[in-house]
Amino acid sequence: MNLLSYLWSLPRPYKRLISVVVDTLLIIGCLLGALAVRLGELPAALSSNMLLVASGTVGVTLVAFTRLGLYRAVLRYLTFHALLVVALGAFISAVTVATLSFYSQTAIPRTVPFIYFTFLVLLCGGARMAVRQLIVQTQKDSQLDKVVIYGAGETGRQLANALRNSSQYQVKAFVDNNPALAKTVVQGISVYPALAIEEVVARCEADKILLAMPRASRAERKQILDSLIELPVEVLTVPDFDDIVEGNATVDQLKDVAIDDLLGREQVAPEPALMGATTTDKVVMVTGAGGSIGSELCRQILSQSPTKLILFELSEFGLYQIEKELSQAVSEQGLDVEIIPLLGSVQRPNRLTAIMKAFEVQTVYHAAAYKHVPLVEYNVVEGVRNNVFGTYHCAKAAIAAKVESFVLISTDKAVRPTNVMGASKRMAELALQALARESGLSHQTRFTMVRFGNVLGSSGSVIPLFKRQIAEGAAVTVTHPDIIRYFMTIPEAAQLVIQAGAMGKGGDVFVLDMGEPVRIVDLAKNLIRLSGLDVKSADNPNGDIEIKFTGLRPGEKLYEELLIGDNVAGTGHERIMTANEVSLSLADFETIIAQLDSACQAFNYPRIQQILQEAPTQFSTSHELGDLVWKATERAEKPESDKIVKFDAKYK
């Protein structure tokens, strides 16, 4: 291909000269070939008359080709019309052979010009069409992404077949970790051992590696990805095996590597008895149904066949989206489930009570909350109102409507909180614990709290942000080089929440096993490398994507925690633990919440912070109050002289 590339890059006069030389050889070869076919053999020696005929024919044919514009034609744009021009030139050449042989008295049989004409049309025209096809194929190959398929099994072979006529990919090699397949040829493509992947990528000048191992476990896929991260190629993968089998995807619908493959966390199959205990044949209500966690809870609950599924959501657009999706699923799957979309706020107790009573709700999953740490820090009153009072109103409405089970979706940020969001979620837990202590005396509602960390792909997740920044070629922003987080997928989190809710006896705080923590900067680096790009740094100034550290945001922790204290016990589920927490009596909690209500009514932000710290939340903060309205009010109320002094000090 290097020789071809050199020939294609030659100046046009040189290319024309090469065409003339090739045509000369073809004319002579066709004439000799016609004589050999007619006579059965070539003459032992060519007479002077024969040489005269040959040289004259060459001269006339080249002139004819030139006059007909054959040497001005660009081969890559050659059309069928060029064959007609070649045929006309060959006819002139054949007439020249007949004429010269007649006048020079050369012993050339009369059928030779006809045979010669046929040969010349086929060889001159065919050579040009062959070169045209070679140019087109070379250009096409240069535009295609050269790929190596990791996995030479059935899926890999199907993928190679699907990409054989692809306008985007050209399969150069297979790589497989099965030693029995090493050094074999599958569908004309060589198979190499997995250990030679670096050498294969370099030899094939590969642009991408396509993972064709849909049956591999997450741990196996992580091990493979770890071996590919340092290679200068983009890594894509085929869809999940279940999606391929069910017809939801085809093998050639390549996609980015899933983040859960990078984490290597194996998902435990849900226990059917726990999944259906509080959902099957029940009237179930999900607050915050349009959010990332709430919507997935709705999908999982729908699969358990409740009688009614009530979607309660503040956002009209969020409610519209999830209602449309679930209604379509009910129609397609023929489910006997009534989907009830309701707009409303958890801060309106009368609305909540009316809904739960009207539809005789049996199970509530309370996912409605403000969860974005900086935004709650900037909007303290609304964060407290929604997370604390909203949860308390929901719980009281559940008691009034005689709801059987109430499950709060909590967060790891409620553990030793350093921000208002975490403190408000811990206060929400205290509300349910206080109400649970009254269970059996004044109500029968079973309250359960489920606490977990970050979920992949949620509205506040860093993963979509990283992917967008990489796609745009912008710097990837990470708050701190040492920041770590726990991660799990949204479907796994929703399944575990439902199962934990079924295990609760009342007042339980369940903690989901989040696996091993992940350094966010390592996650960012891996995403950059799997996109086929290099990390730009002081050691690698010519890299593609830089990682910028923006600093911890107000109230943000370096390390998240999932438990308070050491009183942790296992449960019947390997991924669910329970923790004994400090709790309050209902009277004590109502005293605190009354004070909190007064402080919120007065927009007394320092008092709100003080109440949250004095409550048994273990809330501590080293940063100033972040509420934007409070800050603006403070600036407006300061004397002008103080503002001028501070202004001068700022620019000294």
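Just one of Met488, Met449 is in contact (Cβ under 8 Å) with a residue 12 or more places away in the chain, farther than 26 Å from Val384 by Cβ and either in a helix (DSSP H, G or I) or not small (Gly, Ala, Ser) (or both); which is it?
After ruling out the rest, the residue left standing is Met488.
Against the definition (assigned by TED's automatic domain parsing to the domain that holds Ala500, of a type in the set (Val, Ile, Thr) and either within 26 Å of the chain's Cα centre (by Cα) or over 20 Å from Met275 (Cβ atoms) (or both)), how does Ile310 come out, yes or no?
In short, no.
Identify the single condition in (1) of a type outside the set (A, V, I, L, M, F, W, C); (2) buried (at least 16 other Cβ atoms within 10 Å of the Cβ); (3) part of a helix (DSSP H, G or I) that Gln170 does not satisfy, given that it satisfies every other one.
(3)
Restricting attention to the range 440-447, does a residue exist that is in contact with a Leu (Cβ under 6 Å, 6 or more places away or on another chain) and assigned by TED's automatic domain parsing to the domain that holds Ala579?
yes
Please verify whether Gly29 is at pLDDT 75 or above, touching a Leu at 6+ places or on another chain (Cβ under 8 Å), assigned by TED's automatic domain parsing to the domain that holds Thr118 and not hydrophobic (A, V, I, L, M, F, W, C), treating the condition exactly as stated.
When the stated conditions are applied, Gly29 passes them.
Specify which of the listed residues (Gly565, Gly532, Gly555) is loosely packed, with under 12 Cβ neighbours inside 10 Å and at pLDDT below 85.
Result: Gly565 is the single residue among Gly565, Gly532, Gly555 that is loosely packed, with under 12 Cβ neighbours inside 10 Å and at pLDDT below 85.
Between Ala368, Ala401, Ala397, Ala358, which is free of Cβ contacts under 8 Å to residues at least 40 places away in the same chain, of a type outside the set (Asp, Glu) and under 22 Å from Thr278 (Cα atoms)?
Numbers: Ala368 fails: free of Cβ contacts under 8 Å to residues at least 40 places away in the same chain; Ala401 fails: free of Cβ contacts under 8 Å to residues at least 40 places away in the same chain; Ala397 fails: free of Cβ contacts under 8 Å to residues at least 40 places away in the same chain.
Residue meeting the stated conditions: Ala358.
Do we find that Tyr392 is aromatic (Phe, Trp, Tyr) and part of a helix (DSSP H, G or I) in this structure? If you could, list the steps in order and put the result at the bottom.
On the way: aromatic (Phe, Trp, Tyr): yes; part of a helix (DSSP H, G or I): yes.
Yes; evaluated as a whole, the condition is true for this residue.
Kindly provide the set of residues from the range 114-138 that are at pLDDT 85 or above, buried (at least 17 other Cβ atoms within 10 Å of the Cβ) and out of contact with any Lys or Arg (no Cβ under 7 Å at 6 or more places or on another chain), ordered by number.
If the condition is that a residue be at pLDDT 85 or above, buried (at least 17 other Cβ atoms within 10 Å of the Cβ) and out of contact with any Lys or Arg (no Cβ under 7 Å at 6 or more places or on another chain), then Tyr116, Phe117, Phe119, Leu120, Val121, Leu123, Cys124 are the ones that fit.
Just a yes or no: is a residue in the range 485-497 small (Gly, Ala, Ser) and crowded, with 21+ Cβ neighbours inside 10 Å?
Scanning the range 485-497 turns up at least one residue that is small (Gly, Ala, Ser) and crowded, with 21+ Cβ neighbours inside 10 Å.
Please give the number of the condition Lys467 fails out of (1) in a helix (DSSP H, G or I); (2) modelled with pLDDT of 85 or more.
The failed condition is (2).
Somewhere in the range 319-332, is a residue surrounded by fewer than 21 Cβ atoms within 10 Å (Cβ to Cβ), under 24 Å from Glu382 (Cβ atoms) and touching a Ser or Thr at 6+ places or on another chain (Cβ under 9 Å)?
Scanning the range 319-332 turns up at least one residue that is surrounded by fewer than 21 Cβ atoms within 10 Å (Cβ to Cβ), under 24 Å from Glu382 (Cβ atoms) and touching a Ser or Thr at 6+ places or on another chain (Cβ under 9 Å).
Quick one: Ala428 ticks every box in (1) touching a strand residue (DSSP E or B) at 6+ places or on another chain (Cβ under 7 Å); (2) in a loop (DSSP other than H, G, I, E, B); (3) among the small types (Gly, Ala, Ser) bar one, so which box is it?
(2)
Against the definition (surrounded by fewer than 16 Cβ atoms within 10 Å (Cβ to Cβ), touching an Asp or Glu at 6+ places or on another chain (Cβ under 8 Å) and of a type outside the set (A, V, I, L, M)), how does Pro374 come out, yes or no?
yes
Restricting attention to strands (runs of 3 or more DSSP E) lying wholly within the range 506-598, give those where 3 or more residues are in the same structural domain as His393 (by TED's automatic domain parsing) and out of contact with any helix residue (DSSP H, G or I) (no Cβ under 9 Å at 6 or more places or on another chain).
568-570
Can you confirm whether the range 368-380 contains a residue that is over 22 Å from Ala602 (Cα atoms), in the same structural domain as Ala423 (by TED's automatic domain parsing) and touching a Cys at 6+ places or on another chain (Cβ under 7 Å)?
No; the residues of the range 368-380 include none that is over 22 Å from Ala602 (Cα atoms), in the same structural domain as Ala423 (by TED's automatic domain parsing) and touching a Cys at 6+ places or on another chain (Cβ under 7 Å).
So, restricting to strands (runs of 3 or more DSSP E) that lie completely within the range 285-369, which ones have at least 3 residues that are in contact with a Leu (Cβ under 7 Å, 6 or more places away or on another chain)? Even if it seems obvious, please write down each step before you answer.
Details: elements: 308-313, 338-343, 363-366.
It comes to 308-313, 338-343.
Need pairs with beta-carbon distance below 6 Å; first residue closer than 17 Å to Val86 by Cα and within the range 13-24, second modelled with pLDDT under 85 and outside any helix (DSSP H, G or I); sequence gap 6+ or separate chains.
Partner pairs satisfying both residue conditions: Arg16/Tyr71; Ser19/Tyr71.
Taking Thr280 as meeting all but one of (1) crowded, with 17+ Cβ neighbours inside 10 Å; (2) modelled with pLDDT of 85 or more; (3) in a loop (DSSP other than H, G, I, E, B), write down the number of the exception.
The failed condition is (1).
Got a number for residues in the range 94-113 being modelled with pLDDT of 85 or more and more than 17 Å from Arg38 (Cβ to Cβ)?
The number of residues fulfilling the criteria is 3.
The values are calculated or read from the model by the stated rules, or taken from the named source; none is laboratory data. All values reported here derive from a predicted model rather than from experimental measurement. Cβ coordinates were reconstructed from backbone atoms using ideal geometry, including for glycine residues, and neighbour counts include every protein chain displayed.
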